[in-house]
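The structure appears right after this line, and notes come after that.
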Amino acid sequence: MGWFSKRKRTAPTPVKKDDIWVKCHACTAHVYREEWLSNLKVCPKCNFHDRISFQERLGLIIDDGSFHEFDKDLKAPDPLKFVDAKGRYADKTRQTTEKTGLNESVITGRGKIHGMRVVLAIMDFRFLGGSLGSGTGEKILSAARFALKHKMPYIVISASGGARMHEGILSLMQMAKTCAGIAQLHEAGLPYISVLTHPTTGGVSASFAMVGDVNIAEPKAMIGFAGRRVIEQTIKEELPDDFQTAEYLLEHGFIDHIVQRTEMKDCLYRILQYWSSK
């Protein structure tokens, strides 16, 4: 038996680079993950506002404990029994639900902003790119009808890649369907506030996202219909570097205001106060 025994040391678990750094999608700068998270997923270098989840968005805007969800069990239908090279649409929605806990790309409900009652719809890009399907449209319309019935302002926060092609023409029908619900609010004199986040594109930008009484965007958000490459190839011209950014749209009169994520709740409250004082 030896006089000394050497204790066996276990090598420390290596920390992955991805666990420490986050790469900004806009300026490609590397930011410490902790700094990025504490800054609400806003790049401290260029002020790009990255995507956040429905839960994170809700916590930033709605008073604690005041949110009550609508149509929680409404799930994405599969009217075409769609199948492509990557598999069945029904399987994709099921897997996405298991991963995110969401049944659709939008969550609707009622809540309060600094004590003022509102109806809210928040899109979550994690569910099939925030695409606009028939379930999405139904929930947005249902929330609009609730706002109309109870004489409450309606706020929709968009984050979407556009219409959900897995549902064919039924997904495109949601553009008119949602706008019809919002038109009823306009006729009744009830405010509809649209908040556009990164990205808001395709059928969503061409419908309910751009018809707000007030259209607000987060800084550096990509907002547009067709992709930049498609437009350049169609018109045979090179587009400006800031094309389809919130800043470009504000300069050309398509949106009314750009608001920092940390200031969004107070901004919405001021708009609601103005409406309630009329």
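So here's what we get for this one:
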item	result
For the range 190-208 and the range 80-153, distance of Cα centres in Å	14
Listed residue pairs exceeding 27 Å between alpha carbons, taken from 72/112; 151/177; 45/72; 177/236; 92/139	45/72; 177/236
Full-extension gain in nm, residue 262 to residue 231, via 0.36 nm per residue minus C-alpha separation	7.8 nm
Relative exposure of 229, 126, judged by other C-beta atoms within 10 Å (fewest first)	229, 126
Helix 169-187 vs. the chain, principal-axis angle (Cα, 0 to 90°, nearest 10)	60
Residue-span extension gain [residue 88 to residue 150] - 0.36 nm each, minus C-alpha spacing	18.3 nm
Test item: Cα-centred dipole of the chain, Lys/Arg +1 and Asp/Glu -1 on Cβ, debye	1220
Mean Cα-pair separation over length for the chain, i.e. relative contact order, pairs under 8 Å, 6 or more apart, %	14
At most 11 other Cβ within 10 Å, DSSP loop - GluC sites (Glu not before Pro), the range 197-278	237, 238
Expected 222 nm ellipticity per residue - DSSP helices of 4 or more, -39500 (n - 2.57), all of the chain, to 500	-10000 deg cm²/dmol
Under Karplus coefficients 6.51, -1.76 and 1.60, residue-wise ³J(HN,Hα) of the range 228-237 in Hz, glycine/proline x	4, 5, 4, 5, 4, 5, 6, 8, 6, 9
Among (1) 129; (2) 158; (3) 215, the entry derived from the coordinates for volume of the Cα convex hull per residue in Å³	(3)
Which of 184, 198, 161, positive extreme of dipole for the range 125-251 (C-beta unit charges)	184
Beta bridges by DSSP in the chain, antiparallel share as percent, to the nearest 5	50
Two-site label geometry, residue 30 and residue 275: point separation in nm, points 7 Å out along Cα→Cβ	4.6
Net charge of neighbours whose Cβ lies under 11 Å from the Cβ of residue 255, counting Lys and Arg as +1 and Asp and Glu as -1	-4
Extension gain (nm, one decimal) between residue 39 and residue 183, 0.36 nm per residue minus Cα-Cα	48.2 nm
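Every number in this text was worked out from the coordinates using simple rules, so none of it is lab data. These numbers come from a predicted model, not from an experiment. Note: ideal-geometry Cβ built from the backbone for every residue, glycine included; neighbour counts use all protein chains shown.
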